[in-house]
Protein chains: 2
Amino acid sequence: MIVAANRPPVTYGRGSDGALVPHRGAGGLVTALRGLVAGAEVTWIASAISDTDRELARAHPAGRAEDIDGGSARVRLLAHDPGAYAQFYGHVSNPVIWFTQHQLWNLPSEPSFGPDFVAAWDNGYRVVNEAFATAVAEEVASRPAAPVVLHDYHLYLAPRGVRQRAPGACLAHFVHIPWPPPDALRVLPADVARSIVDGLLASDLVGFHTPRWRDNFAACCVELLAARMVGAEVVRHAGREIRLTARPISVSPDDLHAMAQSAPVLAEEDALVAERGELLIVRVDRTDPSKNVVRGFLAFELLLERHPELAGRVQLLALLDPSRQDVPAYVAYRAAIESAAARANARFGSADWMPVRLEIEDNFARSVAAYKQYDVLFVNPVFDGMNLVAKEGPLVNTRAGCVVLSDNAGAHTELGEAVLSVNPFDVGQQADALYDALTLPPGERASRASLLRAAVVAQPISAWTDGLLADLAEAVASDGRRIEIS
Amino acid sequence: MIVAANRPPVTYGRGSDGALVPHRGAGGLVTALRGLVAGAEVTWIASAISDTDRELARAHPAGRAEDIDGGSARVRLLAHDPGAYAQFYGHVSNPVIWFTQHQLWNLPSEPSFGPDFVAAWDNGYRVVNEAFATAVAEEVASRPAAPVVLHDYHLYLAPRGVRQRAPGACLAHFVHIPWPPPDALRVLPADVARSIVDGLLASDLVGFHTPRWRDNFAACCVELLAARMVGAEVVRHAGREIRLTARPISVSPDDLHAMAQSAPVLAEEDALVAERGELLIVRVDRTDPSKNVVRGFLAFELLLERHPELAGRVQLLALLDPSRQDVPAYVAYRAAIESAAARANARFGSADWMPVRLEIEDNFARSVAAYKQYDVLFVNPVFDGMNLVAKEGPLVNTRAGCVVLSDNAGAHTELGEAVLSVNPFDVGQQADALYDALTLPPGERASRASLLRAAVVAQPISAWTDGLLADLAEAVASDGRRIEIS
């Protein structure tokens with residue numbers, strides 16, 4: 001199998017003695033994809049991130065074997081021109097495509113596309129995507145029937161580039177973030193929006209987490225490219241048929257259960273148990289504007305205002321991984337988070353009660369400990385492709401905790417029956433849902449918690465991998481091709 | 001015919017001698033609806049706006065006859081509770097519904113719905129809509145077959161209220177602003193979004209300016225209410241069939257030609273001719289964030305940067321009607337407009353050349369004079385239900401001027417072939433389009449100008465009125481009702 005994603009599963013630095021020091025790749029996608037490696041012979045194509053990665057890329061142009069969570073993959077790193085990569089990553093992928101697909105723009109003033117964006121697109125995004133396409137096509141040349149799965153919003157043009165170089169490639173692209181309706185995609189310059197959709201349609205299969213994102217993509221195919229839909233899952237475009245699929249990504253229950261019993265998590269849990277009060281609301285997020293932390297704090301304030309009887313009894317523990325602090329909008333959003341927490345504490349706190357406990361650090365062990373301890377897990381994103389927190393928490397929670405979940409999270413499709421649903425913009429409704437979640441009768445809490453666990457276990461990460469490969473096999477079978485997994 | 005709209009065609013003050021002083025009703029809708037009055041006996045139900053209006057409403061609860069542009073209508077004013085009206089108008093209709101339908105939110109932070117909004121909805125928007133429904137139902141009681149046309153985003157709940165009181169009413173609602181996709185409508189609290197769509201579906205006919213807005217509405221019916229579409233124009237909901245229609249509103253070519261020859265316009269035109277340079281770009285707007293004035297100035301700056309040969313030869317004349325200066329976002333947007341103009345002038349201007357001439361006042365005669373004089377009419381809204389400027393300008397322009405038009409304006413559907421289309425967020429493309437528009441060969445300018453005039457003349461305001469009534473007649477005929485116009 002050939003996997004291409006911007007981030008590698010492992011990146012390297014050097015110790016003071018010059019020896020290679022591996023770091024687990026950051027980002028939610030890497031975590032999800034590591035599961036892939038277990039089952040098959042995998043070549044993983046990714047961008048070199050660190051200077052050491054770039055050295056390794058030059059020393060091993062065909063890649064080198066890496067141990068990954070017990071499996072092994074050949075990791076082939078691409079050492080892009082640093083200027084091109086900076087344009088690709090810092091001027092197109094994160095501040096523009098991510099914002100567009102999560103509908104985070106303030107349209108009266110932002111975005112405003114001009115020559116800088118055109119340059120970043122042409123000299124950054126296109127260039128990096130061509131490098132991926134070249135590398136993938138080289139791999140396909142030696143294994144023409146290998147399934148190729150490209151990932152996420154960094155690589156929208158790569159499928160077209162692969163198709164040009166290797167017309168028979170068995171090509172899937174999976175989009176891990178929300179796909180917005182045509183009105184929102186058309187915020188991008190017209191040729192950019194069209195080439196994104198056209199690039200994806202060079203695949204045989206385009207995958208999304210939910211039917212909602214898949215259907216929005218289908219609407220974009222029709223509106224931007226005048227493609228035709230045949231049912232909900234086949235697009236006719238430029239003489240080809242492309243299959244669309246909705247396959248929810250998940251977590252590995254076994255891995256998470258093991259993690260929950262590990263020494264670091266148990267130590268964090270001991271600390272949390274020692275500190276916690278009667279009722280604990282937990283949120284686990286990155287400090288990303290799409291995660292809606294500020295409105296979450298406002299909702300908690302409103303809860304305390306409406307229910308003075310909760311004073312001193314409930315705490316909101318927010319464990320936030322600092323995110324993209326090189327992007328000004330993220331710096332501003334982190335400041336807004338900090339001031340919203342301070343405001344709630346100033347208004348309601350006392351000498352022996354801190355209503356909002358805000359911890360901004362990267363500490364997954366502590367997050368898992370908090371999953372075990374929550375009475376309510378609060379997940380209210382503005383938009384979110386999936387949101388794995390809403391799946392991880394219920395698997396290891398020990399208190400029959402409730403989940404309050406935004407209906408704009410992809411996870412809502414699977415978990416909607418068992419959670420308390422909220423509109424992410426409706427702070428009043430969120431306050432009420434937190435109250436309901438804290439006060440549900442024990443029987444209903446237990447039955448919801450068990451429904452949640454069952455829903456997550458029913459769709460483990462292996463179902464995502466297997467489903468995607470089955471869909472790809474079916475997609476290529478329509479013109480007589482077959483994928484072969486070695 | 002029974003018309004209901006928030007604003008009356010005429011509002012009153014009192015002179016120093018206590019005599020009634022009429023003022024032409026403000027707002028684009030009033031202008032469009034005045035055309036209605038010519039052809040039929042019309043009862044116009046509207047909110048009392050001024051204190052004098054409120055006196056008149058109390059003195060004449062059944063309304064009083066008003067002369068309107070040569071016709072006459074019975075105008076029935078509703079004197080709402082001032083607190084309820086303030087909530088309805090200043091806390092729901094303008095800052096929330098308008099923003100939602102034009103997709104103007106900055107979703108990471110706004111809106112944030114809490115108890116204040118719930119109160120404004122329940123005690124303002126609902127209350128005013130109930131008052132309209134009561135008044136309409138009273139009128140329908142004496143003329144059960146009269147066509148009723150309710151207008152715009154202020155009155156989304158009124159159709160349901162009318163239907164409850166007068167089940168057989170022949171009821172159309174026309175929406176004059178864009179209808180957004182479900183993702184955008186679902187920003188509103190869930191029960192509010194649902195009751196808006198459900199309210200409209202109590203009509204027999206729901207009208208929009210373009211198929212794009214109509215189709216977005218249909219998608220909302222399906223997604224929010226689980227209604228079923230039968231083709232593109234019939235919704236099945238709650239045991240009824242409701243017809244949807246796309247009917248572009250327009251202007252009266254005759255009235256505009258007469259206006260263009262009036263003394264005030266000729267005087268303004270003389271002044272413009274005396275002041276103007278070689279090339280004149282004109283924009284005519286309200287100072288509304290949806291109108292995209294700031295990006296327009298940025299595009300003009302970029303034009304001057306890319307084409308230094310235009311220095312001293314071209315001016316952008318921006319005639320802006322000050323809008324909603326009681327809403328903070330509008331105050332901020334006006335300041336942003338002023339500073340963008342100042343910046344362009346500081347950067348490019350000279351002692352004898354002011355690149356951007358910004359005039360913020362309500363002066364329609366001057367706008368019509370500018371229509372006659374433009375070389376390029378620049379209309380780049382973020383979103384716009386129709387945009388009548390793009391139709392008015394070409395009718396009276398004397399210089400074979402080009403129109404640069406946002407493809408998010410409803411008018412683009414009819415005029416797209418003859419204009420230079422732009423993405424409102426793509427400042428680089430707008431700069432290029434302005435340059436193209438200024439430098440097209442005379443033959444192409446003339447043929448585009450004549451295409452534009454033909455497109456506008458082909459769909460005059462009478463076609464909108466007639467079409468809407470024909471659609472309503474057809475909609476009610478499905479269950480054997482007939483409309484009667486006296």
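Can you compute the helix-only [θ] at 222 nm over the protein assembly as shown? Use -39500 (n - 2.57) per DSSP H run of at least 4 residues, normalise by all residues, nearest 500 deg cm²/dmol. Mind dumping the intermediate values first?
On the way: 38 runs with 420 residues, N = 972.
Result for the protein assembly as shown: -13000 deg cm²/dmol, rounded to the nearest 500.
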**Report entry** Threshold 10 Å² - residues in segment A:169-184 whose accessible area is reduced by that much or more when the chain is no longer isolated, probe 1.4 Å
**Finding:** A:181, A:183
Report task. For helix B:328-348, report the angle its Cα long axis makes with the longest principal axis of the Cα atoms of chain B; keep it between 0 and 90° and round to the nearest 10°. Result -> 10
Requested in this report: Could you work out the mean count of beta carbons from other protein chains within 10 Å of each residue's beta carbon in B:190-199?
Outcome: 1
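Please compute the average number of Cβ atoms from other chains found within 10 Å of each residue's Cβ in peptide B:111-121.
Numbers: counts 4, 10, 8, 12, 6, 1, 3, 3, 0, 0, 0.
Other-chain Cβ atoms within 10 Å of each residue's Cβ, averaged: 4.
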Report summary line: With the 8 Å Cα cutoff and a minimum separation of six or more residues, segment A:44-87 has a relative contact order in percent of 46
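For segment B:395-486, what is the relative contact order in percent, using Cα pairs closer than 8 Å and at least 6 residues apart in sequence?
Numbers: 69 pairs, mean separation 24.3, N = 92.
Contact order relative to length: 26 percent.
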Query raised in the report: Going out from 0 in 10 Å bins, what whole percent of all Cα-Cα distances in the protein assembly as shown drops into each bin?
Result: 2, 11, 18, 22, 20, 15, 8, 3, 1, 0
Query raised in the report: Using the alpha-carbon atoms, what tilt in degrees (0 to 90, nearest 10) does helix B:28-37 show relative to the longest principal axis of chain B?
Result: 60
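Which of the peptides A:403-409, B:275-281 is most tightly packed, and how do the rest follow, judged by the mean count of other Cβ atoms within 10 Å per residue?
Details: A:403-409: 25.3, B:275-281: 16.9.
Averaged packing, sorted descending, gives the order A:403-409, B:275-281.
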Query raised in the report: Hey, what do the phi angles of segment B:107-124 turn into as Karplus ³J(HN,Hα) couplings, whole Hz, using 6.51/-1.76/1.60 and θ = phi - 60°, x for Gly and Pro?
Result: 4, x, 10, 9, x, 9, 7, x, x, 4, 5, 4, 5, 5, 5, 6, 9, x
Query raised in the report: From the phi of every residue in segment B:130-142, what ³J(HN,Hα) in whole Hz does the Karplus formula 6.51 cos²θ - 1.76 cosθ + 1.60 yield, where θ is phi - 60° and glycine or proline is x?
Result: 5, 5, 4, 4, 4, 5, 4, 4, 4, 5, 5, 4, 8
Report summary line: Ignoring ligands, DNA and RNA, the residues of segment B:415-434 whose accessible area with a 1.4 Å probe is reduced by 30 Å² or more relative to the chain alone are B:423, B:425, B:426
Query raised in the report: Amide H neighbours of residue B:78 under 5 Å, counting only residues 5+ apart in sequence or on other chains, H built in-plane at 1.01 Å?
Result: B:46, B:47, B:48
Query - Other-chain or far-sequence residues with amide H under 5 Å of residue B:170's (modelled H) - result: B:148
**Report entry** On Cα atoms only, tilt of B:461-477 relative to the major axis of chain B in degrees
**Finding:** 30
Query - Alpha carbon centroid spacing (whole Å) that separates segment B:336-404 from segment A:309-328 - result: 48
Report task. Hey, can you grab everything whose amide H is under 5 Å from the amide H of residue B:102? Only 5+ residues off in sequence or another chain; H modelled, so Pro and N-termini drop out. Result -> none
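Within the protein assembly as shown, what is the number of lysine pairs with alpha carbons under 21 Å apart, leaving out pairs fewer than eight places apart on the same chain?
4
Order these peptides, A:6-12, B:132-138, B:378-384, by their mean beta-carbon neighbour count within 10 angstrom, highest first.
On the way: A:6-12: 23.0, B:132-138: 21.3, B:378-384: 27.6.
Descending packing order for the listed peptides: B:378-384, A:6-12, B:132-138.
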Report summary line: Whole-percent carbon and sulfur contribution to the accessible surface of segment B:253-458 (1.4 Å, no ligands, DNA or RNA) stands at 55
Requested in this report: Would you mind working out the accessible area per residue for segment A:253-458, using a 1.4 Å probe, and quoting it in Å²?
Outcome: 36
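Express as a percent, rounded to the nearest 5, the fraction of DSSP beta bridges in chain B (both residues included) that run antiparallel. Walk me through the numbers on the way to the answer.
Details: 18 of 65 bridges.
Looking only at bridges with both residues in chain B, the antiparallel portion is about 30 percent.
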Query raised in the report: Lys/Arg Cβ at +1, Asp/Glu Cβ at -1, dipole of the protein assembly as shown taken about the Cα centre: which of A:331, A:350, B:108 is farthest positive-ward?
Result: B:108
Query raised in the report: Chains A and B: what accessible area do they bury, summed, in square angstrom to the nearest 100, with a 1.4 Å probe?
Result: 2900
Query - Difference of contour (0.36 nm per residue) and Cα-Cα distance, residue B:399 to residue B:222 - result: 59.0 nm
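Inside 10 Å of the C-beta atoms of A:381-387, what's the mean count of C-beta atoms belonging to other chains?
Working: counts 0, 4, 2, 0, 0, 0, 0.
Partner Cβ neighbours, averaged per residue: 1.
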Report task. Would you mind checking segment B:292-330 for residues with the amide N under 14 Å from a putative spin-label position 7 Å along Cα→C-beta of residue B:23? Result -> B:322-326
Report task. Determine the relative contact order of segment B:269-399: mean sequence separation of Cα pairs under 8 Å and six or more apart, normalised by residue count, in whole percent. Result -> 37
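Based on the Cβ-Cβ distance from residue B:351 to residue B:451, what FRET efficiency comes out when R0 is 45 Å, to the nearest 0.05? Before the final figure, lay out the partial values.
Values: r = 40 Å, r/R0 = 0.90.
Calculated transfer efficiency: 0.65.
The values are calculated or read from the model by the stated rules, or taken from the named source; none is laboratory data. Note that the coordinates shown come from a computational prediction; the quantities given were computed from them, not determined experimentally. Neighbour counts are summed over all protein chains in view; Cβ atoms, including those assigned to glycine, are modelled from backbone coordinates with ideal geometry. To get the accessible areas, we keep the full protein, side chains included, count just its heavy atoms, and leave off ligands, DNA and RNA. Shrake-Rupley method; radii C 1.70, N 1.55, O 1.52, S 1.80 Å.
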